[in-house]
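Report on the following structure.
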Amino acid sequence: MEKKRVFSGVQPTGNIHLGNYIGALKQFVNLQDEMDCVYCIVDMHSITVPQDPKQLRETTLDVAALYLAVGLDPKKSIIFVQSTVPQHAELSWILTCNAYMGELGRMTQFKDKGKGSDSAGAGLFTYPILMAADILLYKAHLVPVGNDQKQHIEITRDLANRFNHKYGDTFVIPDYKGIEVGARIMALDDPLKKMSKSAENIHSRISLLDSPDKVKKSIMKATTDSEGVIRLDWENKPGVSNLLTIYSAFTDRKIDDIVGQYEGAGYGQLKKDLVEIINESLTPIRKAFEEKRNSEELMDILKDGRERASEIAEQTMKEVRDKVGFIRM
Ligand code: ATP
Ligand code: LTN
């Protein structure tokens with residue numbers, strides 16, 4: 001039987017944080033052995049908000065090196081940069097012509113980032129269509145992402161079904177692939193918001209490249225509550241629940257088991273242990289990052305990824321151009 005295809009992407013908008021790692025990247029690595037995986041650095045998505053061009057180029061390579069540092073293997077997975085395969089923009093336009101203003105207006109990410117302003121970027125509005133194009137070009141069956149992207153997978157399915165219905169069977173209808181624990185890691189300073197690359201307070205998140213000292217500061221400062229009891233209760237104790245979730249993701253232990261271990265202990269102990277656990281996992285990642293980021297191999301991997309991705313993308317586009325009635329030459 002043919003392997004199922006997996007597609008996912010991360011924006012080069014800053015350094016990857018624990019939310020990205022737990023919600024997305026860890027899944028990317030785990031899926032590599034059983035599936036045919038394609039992982040992208042979605043630089044075209046990142047320019048939906050202003051970016052400094054020089055910085056964007058650097059961050060794109062940082063994310064590529066981080067992909068490798070967390071364990072993505074270019075022999076198993078295709079790793080490439082979105083803008084190097086122009087078919088993404090091409091399919092995005094065709095899908096745009098089959099999308100509705102209403103369905104795009106309902107996207108919560110647009111509502112959050114665009115804030116209903118008349119001067120919200122049009123790219124923020126059409127962002128989910130470009131994401132749909134990413135996924136559909138590769139006829140992916142599964143899309144491993146954090147829970148905040150679920151709505152975008154839904155619209156991708158709608159756009160694929162609509163196209164298939166109008167032009168004949170073309171696209172695979174993809175499924176969201178989430179995890180049970182950690183699909184939404186919350187900000188450390190405000191556990192009612194998701195941990196994000198773009199939040200102002202650097203202690204709201206831990207980046208994979210943060211120093212051990214920064215990890216310690218951010219965890220020790222993390223918002224908890226005044227009850228002093230360690231248990232999972234998202235409604236009344238979101239801060240402690242978030243720390244337990246991060247603990248569970250890094251140790252692969254069940255939350256109940258961790259709660260049992262800390263019966264009668266205070267938040268200080270939980271935080272101290274968590275700092276150690278995180279640093280133990282991040283130290284080898286930081287080291288691998290330094291090696292990969294400064295190696296000549298990095299560009300070769302991205303070039304090879306572009307070749308392999310282009311081949312699949314062009315095959316799909318030939319079919320799509322034909323179906324919509326563009327001339328053949
Ligand atoms: P930004 O804050 O700039 O919007 P981001 O932190 O949401 O960025 P992305 O590049 O958009 O990062 O996301 C990469 C992947 O990480 C996606 O699959 C996304 O669902 C996942 N992800 C992002 N934030 C979290 C989080 N807090 N918890 C779990 N998964 C997350
Ligand atoms: N929208 C996603 C990033 C993204 C993506 C994709 C994820 C762009 N294209 C295709 C999965 C599949 C985000 O903001 N995290």
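Within segment 60-171, which helices (runs of 4 or more DSSP H) (wholly inside it) include 2 or more residues that are among the hydroxyl-bearing types (Ser, Thr, Tyr) and surrounded by fewer than 17 Cβ atoms within 10 Å (Cβ to Cβ)?
none
Could you look through segment 29-47, keep only residues that are more than 8 Å from ligand 1 (Cβ to nearest atom) and of a type outside the set (A, V, I, L, M, F, W, C), and pick out the one that is surrounded by the most Cβ atoms within 10 Å (Cβ to Cβ)?
Applying the filter and picking the extreme gives TYR39.
Among the residues of segment 48-59 satisfying the criterion of being β-branched (Val, Ile, Thr) and out of contact with any Pro (no Cβ under 9 Å at 6 or more places or on another chain), which is surrounded by the fewest Cβ atoms within 10 Å (Cβ to Cβ)?
Filtering first and then ranking leaves VAL49.
Within the set of pairs 6 or more residues apart or between chains, which connect a residue that is over 15 Å from ILE179 (Cβ atoms) inside segment 237-257 to a residue that is of a type in the set (S, T, N, Q) and at pLDDT 95 or above with Cβ atoms less than 6 Å apart?
These pairs meet every condition: GLY239/THR223; GLY239/THR224; VAL240/THR224.
Return the residue satisfying two criteria in turn: it lies in segment 1-56 and is of a type in the set (Asp, Glu) and under 29 Å from LYS111 (Cα atoms), and of such residues it is nearest to ligand 2 (Cβ to nearest atom).
ASP43
Kindly indicate which of LYS26, LYS54, LYS3 is within 12 Å of ligand 1 (Cβ to nearest atom) and charged (D, E, K, R).
The match here is LYS26.
Any idea which of GLY178, GLY182 is at pLDDT below 95 and within 30 Å of ASN164 (Cα to Cα)?
Only one candidate passes the filter, namely GLY178.
Examine segment 102-115 for a residue that is of a type in the set (Phe, Trp, Tyr), closer than 24 Å to ASN20 by Cβ, within 15 Å of ligand 1 (Cβ to nearest atom) and touching a residue at least 60 places away in the same chain (Cβ under 8 Å), and state whether such a residue exists.
Scanning segment 102-115 turns up no residue that is of a type in the set (Phe, Trp, Tyr), closer than 24 Å to ASN20 by Cβ, within 15 Å of ligand 1 (Cβ to nearest atom) and touching a residue at least 60 places away in the same chain (Cβ under 8 Å).
Could you list all residues from segment 284-307 that are within 30 Å of ARG162 (Cα to Cα) and surrounded by fewer than 17 Cβ atoms within 10 Å (Cβ to Cβ)?
Of everything in segment 284-307, just one residue is within 30 Å of ARG162 (Cα to Cα) and surrounded by fewer than 17 Cβ atoms within 10 Å (Cβ to Cβ), namely GLU307.
Quick one: count up the residues across segment 296-329 that are over 24 Å from the mean Cα position of the chain (by Cα) and small (Gly, Ala, Ser).
So the count comes out to 1.
Take the residues in segment 232-266 that are in a loop (DSSP other than H, G, I, E, B) and of a type in the set (Phe, Trp, Tyr); name whichever of them is nearest to MET195 (Cα to Cα).
Step by step, filter segment 232-266, then rank; the result is TRP234.
Looking at (1) within 13 Å of ligand 2 (Cβ to nearest atom); (2) over 18 Å from HIS152 (Cβ atoms); (3) basic (Lys, Arg), which is the one condition that is false for LYS76?
Checking LYS76 against (1) within 13 Å of ligand 2 (Cβ to nearest atom); (2) over 18 Å from HIS152 (Cβ atoms); (3) basic (Lys, Arg), the one that fails is (1).
Looking for something of a type in the set (A, V, I, L, M, F, W, C) and within 23 Å of ASN279 (Cα to Cα) - is there at least one such residue anywhere in segment 12-20?
Within segment 12-20, one or more residues are of a type in the set (A, V, I, L, M, F, W, C) and within 23 Å of ASN279 (Cα to Cα).
The values are calculated or read from the model by the stated rules, or taken from the named source; none is laboratory data. Owing to the predicted nature of the structure, the values given are computational and were not obtained by experimental measurement. Here Cβ is always computed from backbone atoms with ideal geometry, including for glycine, and neighbour counts include all displayed protein chains.
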